[in-house]
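Q: Please see the structure below; I have some questions.
The values are calculated or read from the model by the stated rules, or taken from the named source; none is laboratory data. Predicted model only: the values in this text are computed from it and were never measured. Cβ placement follows ideal geometry from the backbone for every residue including glycine, while neighbour counts extend to all protein chains displayed. Note: areas computed on protein heavy atoms with side chains; ligands, DNA, RNA excluded. Shrake-Rupley method; radii C 1.70, N 1.55, O 1.52, S 1.80 Å.
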Amino acid sequence: MFLLKKLITPFLIPPGLFVSMLVLLGIWLIRRKNRPGGAAAIFAALVIWAFSTNAVDWALVRGLEDGLRIPADPKGDVIVLLGGGVRKGSPDMNGAFGIPSEEMLARTITALRLHRKIGAPILVSGGDAFGTGGPTEAEIVRRYLLELGMHPGKIIGEDKSRDTMENAQLTKVILDARGFTRPILVTSAIHMKRSLLS
């Protein structure tokens, strides 16, 4: 039963559901003597399936991550943590609303671990990208850092930026004003090259 469940479930939830539907549509069209339409539906199913596999995913992002490595002995006077998305409407266990996305949570934990290693403050950069109101990325991540035991005086917020370019511009203003000259950038590997360019 367990094996059957594991084999069937991927075809009942997206993207497997769409792959299944397109294959069935393709077979139906071919049986109705519409070979081009059927072939197109089956081809679309194969493309969706291929793009949902780890092998294709890795092939597409590998170039963005080539040449990057985590420094063995990082040194800097401030840790710049770039926003990576939040779910504003999600209730948090402390009664507040807004939780970091999975990607942002990984960045936050990395920044906190780095802070504990070198003692540098964390500058959290991220505003309200879509102008929906409520807490900004920086505010949500700050709440998480505080609950994970970080001293409030070691957290700096930049809560106006809406994208990577604004992250860079507004963060630079704060770094210059506070005299920081050796920032360590924390973001996702796939995002690092674009962040450095910004």
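Q: To the nearest 500 deg cm²/dmol, what mean residue ellipticity at 222 nm is calculated for the chain from DSSP H runs of n ≥ 4 alone, each contributing -39,500 (n - 2.57), summed and divided by the residues? Kindly include the intermediate steps, with their values, before the conclusion.
A: Values: 8 runs with 104 residues, N = 198.
Roughly -16500 deg cm²/dmol at 222 nm, from the helical runs in the chain.
Q: Given a 1.4 Å probe and the protein chains all in place, what does the accessible area of E139 round to, in Å² to the nearest 10?
A: 80 Å²
Q: What's the angle, to the nearest 10 degrees (0 to 90), between helix 35-51's Cα axis and the longest principal axis of the chain?
A: Roughly 30 degrees, rounded to the nearest 10.
Q: Here is a further query. What number comes out for accessible area per residue over the chain if the probe is 1.4 Å? Units Å², please. It would help to have the intermediate numbers written out before the result.
A: Values: 12560 Å² over 198 residues.
Heavy-atom accessible area per residue stands at 63 Å².
Q: Below 8 Å, C-alpha to C-alpha, sequence gap of six or more: please give me the relative contact order for the chain in percent. All intermediate terms of the calculation are to be shown ahead of the outcome.
A: Working: 263 pairs, mean separation 40.9, N = 198.
This gives 21 percent for the chain.
Q: Let me check something: with ligands and nucleic acids excluded, how do L175, L146, L197 order by accessible area (1.4 Å probe), largest to smallest?
A: Details: L175 20, L146 65, L197 155 Å².
Of L175, L146, L197, the descending order of accessible area is L197, L146, L175.
Q: Do any of K88/K154; K88/K193; K6/K193; K75/K172; K88/K172; K6/K33 go past 29 Å between their Cα atoms, and which? Walk me through the intermediate numbers first.
A: Values: K88/K154 24 Å; K88/K193 27 Å; K6/K193 37 Å; K75/K172 18 Å; K88/K172 26 Å; K6/K33 35 Å.
Over 29 Å Cα-Cα: K6/K193; K6/K33.
Q: When every alpha-carbon pair in region 1-158 is counted, what percent end up more than 29 Å apart? Write down the numbers at each step before the final one.
A: On the way: 5908 of 12403 pairs.
Counting every Cα pair in region 1-158, those more than 29 Å apart make up 48 percent.
Q: Which chymotrypsin sites (Phe, Trp or Tyr not before Pro) in region 106-180 sit in a loop by DSSP (not H, G, I, E or B) and have at most 15 other Cβ atoms within 10 Å of their own Cβ?
A: Values: sites: F130, Y144, F180; in loops: F130, F180.
Here the sparse-neighbourhood loop sites are F130.
Q: Can I ask one more? Taking loop as defined by DSSP and a crowding limit of 10 other beta carbons within 10 Å, which trypsin sites (Lys or Arg not before Pro) in region 56-152 fit? Present the calculation step by step, with values, prior to reporting the outcome.
A: Values: sites: R62, R69, K75, R87, K88, R107, R113, R116, K117, R142, R143; in loops: R69, K75.
Filter output for region 56-152: R69, K75.
Q: Once fully extended, how much extra length lies between K154 and I174, figured as 0.36 nm per residue of separation less the alpha-carbon to alpha-carbon distance? Before the final figure, lay out the partial values.
A: Values: separation 20, 0.36 × 20 = 7.20 nm, distance 1.40 nm.
Between K154 and I174, full extension yields 5.8 nm more.
Q: Please report the carbon-and-sulfur percent of the accessible area for the chain; probe 1.4 Å, protein heavy atoms only, DNA, RNA and ligands left out. Don't skip to the answer; put the middle values down first.
A: On the way: 8150 of 12560 Å².
For the chain, the apolar C and S fraction of the accessible surface comes to 65 percent.
Q: To test your reading of the geometry: what angle, between 0 and 90 degrees and rounded to tens, separates the Cα axis of helix 54-65 from the longest principal axis of the chain?
A: Value to nearest ten degrees: 30.
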